[in-house]
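*Asks:* One structure coming up, written as structure tokens, with questions to follow.
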Amino acid sequence: MAKSILHTIESKRSEFSRGQKRIADYILEHADKAAFMTANRLGGLVGVSESTVVRFAFELGYDGYPNMQRALQEMLRSRLTSTQRIQAAGNIFSSQDLLGAVLQSDIDKLRQVVSEADREDFNRVVDRIWAAKHIYILGVRSSSFVAGYLHFYMHLLFQNVSLVQSSSAGEIFEQLFRIGKEDVMMAISFPRYSRITVNTVKFARDRGAGIVAITDNTLSPIYQMSDGALLAPCEMISFVDSMVAPLSLINALLVALASRRGEDVSATFAELEDIWNEYGVFGKMDDE
């Protein structure tokens, strides 16, 4: 949905049944809590059945309660400050097996990508990167580590790859001075979306470069400017972002690009193995 879920609830409130209005009022007032409740828990709090909560989700245009819940979580993910996220995490995880809860959350994100990823979009992204004259990779703040990971392997596959360093906005534009129509920028950005990333993508697009967005959903500002995108959820109500699903999607991209290179990749790594062995890059077990 293009509009905020809260805006949709407010605009449709007059059409709801009495029980659905109680659900709507609770969500509008306590969205930060409702986003992480089961349908049964939410229904119990407002005095309606679980099935009424599920029907409420359908009434809003979702194909089930989990998708409505996800929309609430994504909205909160982009709005909450770090302090608010820490407080929310304390409420959510305080009575749970913390290790199991976090790992299960990551597993759910991976399942979501497997079921929802558009294979045709994925292949188009591979085509666009493969045809690029030069590939620029950008990610700032927590996304900088994902960008570094992607660059490490892309640099082994292609000669025409640059990691855009983000120490200052001025330096970014200097690094992109020669970007043009035959080039591609791979931009990585997750909530809360960095203004530096958004402005840099706009600059690259204005120069005619293709944009491949690696982000969380279609409402992301860099998705709106992209020619192709890889979408993966990252929301975790805490001060950390979950990069498990984005990194897994990037792994799939790297494998797809390596597959296209075929024997060239084997030759590259054979040469690298010789260099590593000659100069003792890696230790051996029998050295200990």
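The values are calculated or read from the model by the stated rules, or taken from the named source; none is laboratory data. The model shown is predicted, which means the values in this text are computed figures rather than measured ones. Virtual Cβ from ideal backbone geometry, glycine too; neighbours counted across all protein chains shown. Accessible surface areas use protein heavy atoms only, side chains included; no ligands, DNA or RNA. Shrake-Rupley method; radii C 1.70, N 1.55, O 1.52, S 1.80 Å.
*Asks:* So for region 55-67 (the condition being modelled with pLDDT of 90 or more, among the charged types (D, E, K, R) and either part of a helix (DSSP H, G or I) or surrounded by 18 or more Cβ atoms within 10 Å (Cβ to Cβ) (or both)), does at least one residue qualify?
*Replies:* The answer is yes, given that some residue of region 55-67 is modelled with pLDDT of 90 or more, among the charged types (D, E, K, R) and either part of a helix (DSSP H, G or I) or surrounded by 18 or more Cβ atoms within 10 Å (Cβ to Cβ) (or both).
*Asks:* Can you tell me which of LEU138, LEU163, LEU150, LEU176 is crowded, with 18+ Cβ neighbours inside 10 Å and over 23 Å from the mean Cα position of the chain (by Cα)?
*Replies:* LEU176
*Asks:* I'm trying to understand the selection: among the residues of region 181-229, which are open to solvent by 10 Å² or more (accessible area, probe 1.4 Å), over 25 Å from SER4 (Cβ atoms) and not in a loop (DSSP other than H, G, I, E, B)?
*Replies:* PHE203, ARG205, ASP206, GLY228
*Asks:* Any residue that is surrounded by fewer than 21 Cβ atoms within 10 Å (Cβ to Cβ), under 10 Å from the mean Cα position of the chain (by Cα), more than 21 Å from TYR153 (Cβ to Cβ) and touching a residue at least 60 places away in the same chain (Cβ under 8 Å) - is there at least one of those in region 243-252?
*Replies:* No, region 243-252 contains no residue that is surrounded by fewer than 21 Cβ atoms within 10 Å (Cβ to Cβ), under 10 Å from the mean Cα position of the chain (by Cα), more than 21 Å from TYR153 (Cβ to Cβ) and touching a residue at least 60 places away in the same chain (Cβ under 8 Å).
*Asks:* Can you tell me which residue among LEU80, LEU72 is open to solvent by less than 40 Å² (accessible area, probe 1.4 Å) and modelled with pLDDT under 70?
*Replies:* None of the others qualify; the one that does is LEU80.
*Asks:* For region 1-36, name all the residues that are touching a residue at least 24 places away in the same chain (Cβ under 8 Å), open to solvent by less than 60 Å² (accessible area, probe 1.4 Å) and either on the phi > 0 side of the Ramachandran plot or hydrophobic (A, V, I, L, M, F, W, C) (or both).
*Replies:* Listed by number, the residues that qualify are ILE5, LEU6, ILE9, PHE16, ILE23, ALA24, ILE27, ALA31, ALA34, ALA35.
*Asks:* Related question: Please enumerate the residues belonging to region 254-279 that are hydrophobic (A, V, I, L, M, F, W, C) and out of contact with any helix residue (DSSP H, G or I) (no Cβ under 7 Å at 6 or more places or on another chain).
*Replies:* Selection gives VAL255, ALA267, PHE269, ALA270, LEU272, ILE275, TRP276.
*Asks:* Let me ask something else. Within region 42-54, work out how many residues are part of a helix (DSSP H, G or I) and surrounded by 14 or more Cβ atoms within 10 Å (Cβ to Cβ).
*Replies:* Number satisfying all stated conditions: 9.
*Asks:* Let me ask something else about it. Look at region 253-272 and say how many of its residues are surrounded by fewer than 14 Cβ atoms within 10 Å (Cβ to Cβ) and hydrophobic (A, V, I, L, M, F, W, C).
*Replies:* The qualifying residues number 5.
*Asks:* In this structure, does LEU138 turn out to be modelled with pLDDT of 95 or more and either assigned to a strand (DSSP E or B) or over 21 Å from ILE222 (Cβ atoms) (or both)?
*Replies:* yes
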